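Novice: Quick one: structure below, then a few questions.
The values are calculated or read from the model by the stated rules, or taken from the named source; none is laboratory data. These numbers come from a predicted model, not from an experiment. Here the Cβ positions follow ideal geometry from the backbone for every residue, glycine too, while neighbour counts run over all protein chains shown. Surface accessibility is based on the protein's heavy atoms, side chains included, excluding ligands, DNA and RNA. Shrake-Rupley method; radii C 1.70, N 1.55, O 1.52, S 1.80 Å.
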Amino acid sequence: MIEVTVPGKGVLQFRVLLLDLNGTLATDGEILPGVHERIERLAQVLDVFLVTCDTHGNGARIAEKLGIRLIRTGMPGPDEAEAKAQAASSLGRERTIAIGNGDADALMLKESALGIVVLGEEGLSIKALHQADILMRNICDALDLLLNEKRLIATLRGSP
């Protein structure tokens with residue numbers, strides 16, 4: 001669990017991390033450098049899930065390599081966003097952190113206690129940006145934010 005006391009927001013407790021694959025953890029289906037080590041550390045304190053429609057067909061292999069669980073959302077399309085949001089709800093919205101970058105991630109970001117959007121090489125959807133609580137330059141910076149309590153508090157503190 002990650003527990004932080006944020007001025008203006010109180011005590012926040014997170015137990016689940018939902019990660020989009022393509023455009024977030026990976027570019028063109030390949031995991032970005034530095035991701036594995038950070039997820040390995042986060043998996044010691046959070047239940048980590050890879051949530052994807054599996055565009056490149058490598059979701060299972062990547063989840064296994066990262067040592068995390070896979071949630072397949074089905075085929076790309078209009079149902080993907082709802083399936084990702086349902087994953088956040090079913091795992092406990094109030095204790096879930098979600099990280100994504102695309103239109104299909106927007107509802108998941110909104111349905112999570114903390115939504116983090118990343119601007120990677122595959123871009124960032126404006127729809128996802130509007131549903132997120134935090135914008136980070138890339139996935140490694142986003143994961144580092146979760147690994148460093150003081151950074152997370154500094155980003156979130158303020159008015160309720």
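Novice: I need a count of the residues in the stretch 12-38 that are at pLDDT 95 or above and under 15 Å from GLY100 (Cα atoms).
Specialist: Adding up the residues that qualify gives 5.
Novice: Only one of (1) modelled with pLDDT under 90; (2) open to solvent by 80 Å² or more (accessible area, probe 1.4 Å); (3) part of a helix (DSSP H, G or I) is not met by GLU64, so which one is it?
Specialist: Result: GLU64 passes all but (1).
Novice: Okay, moving on. Pick from the stretch 34-61 the residues that are in a loop (DSSP other than H, G, I, E, B) and in contact (Cβ under 8 Å) with a residue 40 or more places away in the chain: which of them is most open to solvent (accessible area, probe 1.4 Å)?
Specialist: VAL45
Novice: List the helices (runs of 4 or more DSSP H) inside the stretch 77-148, counting only whole elements, that have at least 2 residues being without any contact (Cβ under 8 Å) to a residue 24 or more places away in the chain and surrounded by fewer than 21 Cβ atoms within 10 Å (Cβ to Cβ).
Specialist: Answer list for the stretch 77-148: 78-92, 126-131.
Novice: Still on this model: Working carefully through the options ALA113, ALA142, find the one that is under 18 Å from ARG38 (Cβ atoms) and small (Gly, Ala, Ser).
Specialist: ALA142 is the lone residue from the list that is under 18 Å from ARG38 (Cβ atoms) and small (Gly, Ala, Ser).
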